[in-house]
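**Q** Before I ask anything, let me first share the structure, which is written out below as structure tokens.
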Amino acid sequence: MDAKEQNLVADLHKLITNHSFHERDILALLILLREHAANRTAVRELGDFIAHREKDRGALKKYVHHVTAYVEAATKNKPAQVKVEPVYSSAEFRDSLNTSFAGFGLPQVSPDLTDDVLICIMSLLQDVRIFHMGREIGHLLLARFYSELWLFAVVVEPTKKARILFPALTVPNRHCPVAGGEPFAGFSGLVEARFTEGRLRLRVDGSEIAPIA
């Protein structure tokens, strides 16, 4: 790493620990860190995905392969012999991010903050399209449950009878309640994640979602 990279990463680390970052800061951070992260680690692969919207390597390739295998099985009216798991757990991401910071001589970040960083990544990956054999089969969306936020692939089942949801990234939901007693809710538009008054808040089309008390 050169001196400029060191300064840029240190400045972004400070924004995170000061609870004053925007999802655009996390975009810049991942682009800087990914070249220094080991192959097949969360920071490297999510950084590549953020930078290029790539779906053809490592855990991301495996995720898309499992989604497409499920769709192919449904097309042939066969039971799907595949389980689609999240690409990385929040703990795996936390360990990868802190390992990357350590390589720059920077201290670890708390689990709550690494979860907030992961939410920003999930926000940045909204609307990524998933293709199989040249045909779009689904795309990535954000949704909220009582206990978790999900970035998930939504795929239209081949018979057109149902939409199937496959979690790609999940994180504890400490930010936006699900209203009306429903266990699950999507968002009405694109989500933007940013810190306001020391707390990560989500905005949809410019309007802030009331946080969990």
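Every number here is computed from the coordinates shown, using simple stated rules; none is lab data. The model shown is predicted, which means the values in this text are computed figures rather than measured ones. Using ideal geometry, Cβ is built from the backbone for each residue, glycine included, and neighbour counts are taken over all protein chains shown.
**Q** Using the count of nearby Cβ atoms within 10 Å as a rough guide to exposure, how do Met122, Met133 rank from fewest to most?
**A** Ordered by Cβ neighbours within 10 Å, fewest first: Met133, Met122.
**Q** Among Ser100, Ser147, Ser90, which comes first, then next, by fewest other beta-carbon atoms within 10 Å?
**A** Ser147, Ser90, Ser100
**Q** Spelling out what I want: for every residue of region 12-27, take phi, set θ = phi - 60°, compute 6.51 cos²θ - 1.76 cosθ + 1.60 (Karplus), and round to whole Hz; glycine and proline get x.
**A** Per residue, the Karplus-derived 3J(HN,Hα) values read 5, 4, 5, 4, 5, 5, 8, 6, 9, 10, 10, 4, 5, 5, 6, 4 Hz.
**Q** What are the residues whose amide H is under 5 Å from the amide H of Val171, where those residues sit 5 or more places off or on another chain and H is modelled from the backbone?
**A** HN-HN under 5 Å from Val171: Leu149.
**Q** Turning to a different aspect of this structure: Evaluate the distance, in nm, between pseudo-label points positioned 7 Å from the Cα of Asn39 and of Leu190 along their respective Cα→Cβ axes.
**A** 3.4
**Q** I've got another one for you. P(r) for region 3-208: what percent of alpha-carbon pairs falls in each 10 Å bin, starting at zero?
**A** Distribution as computed: 8, 34, 34, 18, 5, 1 percent.
**Q** Enumerate the amide H contacts of Gly138 below 5 Å, restricted to partners 5 or more residues apart or on another chain; note that Pro and chain-start residues carry no placed amide H.
**A** Long-range HN contacts for Gly138: Ile130.
**Q** Can you compute the FRET efficiency between His139 and Arg174 using 1/(1 + (r/R0)^6), with r the Cβ-Cβ distance and R0 = 30 Å? Round to the nearest 0.05.
**A** 0.70
**Q** What is the set of long-range amide H partners of Arg201 at a cut-off below 5 Å, with H atoms built 1.01 Å from backbone N?
**A** Arg194, Phe195, Thr196
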